[in-house]
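Notes for the one structure printed next.
Throughout, read-outs are computed from the coordinates displayed, never taken from laboratory work. Computed from a predicted model, the values in this text were never measured in an experiment. Neighbour counts are summed over all protein chains in view; Cβ atoms, including those assigned to glycine, are modelled from backbone coordinates with ideal geometry.
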């Protein structure tokens, strides 16, 4: 089987459908995509709003709620209690499929009628301001996060406790402003660190403790800028850095300099075999994957845990299997082109469906089988009508592609897509997306002016939780919660001067993009002529090539696995 090359309908770039892709499409009885992997991801994550929150009323019980939908949406929005309750039935909105009309027109009409849940937070306690999350306790403004406690302001936090202002942190405790850390304790302002304790401004440090402003360390203790120091010298330096907002700002500048000079492996992969992509943990036989753990035989996915035999997916957890082109799922099987399907099997072109099987074009269903456009069918009639729809969509050229951008329930500027594919309003509309004109947040209501926030935690009084602050970057108002203030005092940290969204965007900029370039290892043997560590190349530059998310114009020194391990370990 040969590799097929196609022209993307979205960006007009050429993309390849390799034999492994073609084999999967045949296995799940799917047509080959008309969009490249990047455009396919862009279309999916336009259907996911995590962090843009609005105050409104529940359209059922009329209580004030916080929701991901502003007031005056085309569809009803319910609070969690009403949506999960027995007071309504999504099948009551069911309708006949009309052979004479495009399927997506009919699905859009159904979409405007079926109630949607304000926030998606499952099995959580005292965590009302979390979204796309589950099993959290005493958490606030966490997104895409599971099994956490006493944590706030973060995305992709898993199995952790007392984590504040972080992203992609797993199995950790008492961490602040950390990115891509796993099994860390009491670490601050650190990135890509694992199984370490008490790190401050560290990058790519593992199995270490009590280190400051260090990079590429292994099994180290009491190091400052990669040099050993006494415990007393270490404690003194730590106290100096954490003294105030100004000293932390200076440390941040020095940290960026040190990171620029550090060695980086072509990809941040741990325990991976036959894998292309970045930020991967225990992945095998995967292609074009990002931020995935325990994946096997998958391709073109991001933010995924435990997927098996899946292609094209975002935010997929709890062992999804044999799925294609899915946005947000828990434990789905053999499903395609759908969003927010949980514990479903054989589902296509559906949205917000739970414990369903053999459903096509359905919205808001629970524990239902053999439904099309929310209408119940017998198994025989279901297969007949489904086949009619598929044949009609193939003639229209829409079958095999994701739900159209214009049908996304969120504007481009409020959905996850803005983080990875930033566009202006005009550019987004030209590509078929839409723009949310409603605004969220306030300005001008601050009780403490910009620049007047105390620079040390000792200056902060208990009454600070009653004040309104203004972000020094965007001007939006924000507050300090009592739990947040207690954390800063415990960790001896000054108050933040920016709101959560600006802090989150700063963290995103520190990561590599979800894009791959073909490059050669930058290791040159001449620099190590007196060393036998680089056995994989004896003269000149290392010949190893790889796919990496470090663009050629970046300043980092990028090594292959062998050269990186030779130098770092």
Problem - Cubic angstrom per residue, convex hull over Cα atoms of the range 457-509 - result: 82 Å³
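Please arrange 171, 86, 351, 198 by counting, for each residue, the other beta carbons lying within 10 Å of its beta carbon, fewest first.
On the way: 171 16, 86 6, 351 25, 198 20.
The order, fewest Cβ neighbours first, is 86, 171, 198, 351.
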Problem - Chain lengthening between residue 343 and residue 91 when straightened (0.36 nm per residue, less Cα-Cα) - result: 88.9 nm
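Suppose a student asked you for the relative contact order of the range 8-123, using Cα pairs under 8 Å spaced at least 6 residues apart; what percent would you report?
So the answer I get is 21 percent.
Shape of the range 429-568 from its Cα gyration tensor (a ≥ b ≥ c, root eigenvalues): rounded if a/c is under 1.5, otherwise prolate when a/b > b/c, or oblate? The partial results should precede the final answer.
Details: a/c = 4.44, a/b = 1.96, b/c = 2.27.
Oblate.
What's the exposure ranking of 284, 337, going from fewest to most Cβ atoms within 10 Å?
Numbers: 284 15, 337 22.
In increasing order of surrounding Cβ atoms, one gets 284, 337.
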Fill in the blank from the handout: Taking Cα atoms only, helix 245-261 is inclined relative to the longest principal axis of the chain by an angle, in degrees rounded to 10, of 80 degrees
Exercise for the section: Can you tell me the 0 to 90 degree angle between the C-alpha axis of helix 500-509 and the longest principal axis of the chain, rounded to 10? Expected result: 80 degrees
Exercise for the section: Of the listed values (1) 25.4; (2) 29.1; (3) 26.7, grab the one calculated as Kirkwood radius over Cα pairs in Å from the structure here. Expected result: (1)
Practice task
Run through all the Cα pairs of the range 49-124 and give the fraction in each 10 Å bin from 0, expressed as whole percent.
Solution key: 18, 44, 28, 10, 1
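Can you sort 290, 15, 268 so the residue with the fewest Cβ neighbours within 10 Å comes first? Please report the intermediate quantities before stating the final value.
Details: 290 25, 15 18, 268 22.
Least to most surrounded, the residues fall as 15, 268, 290.
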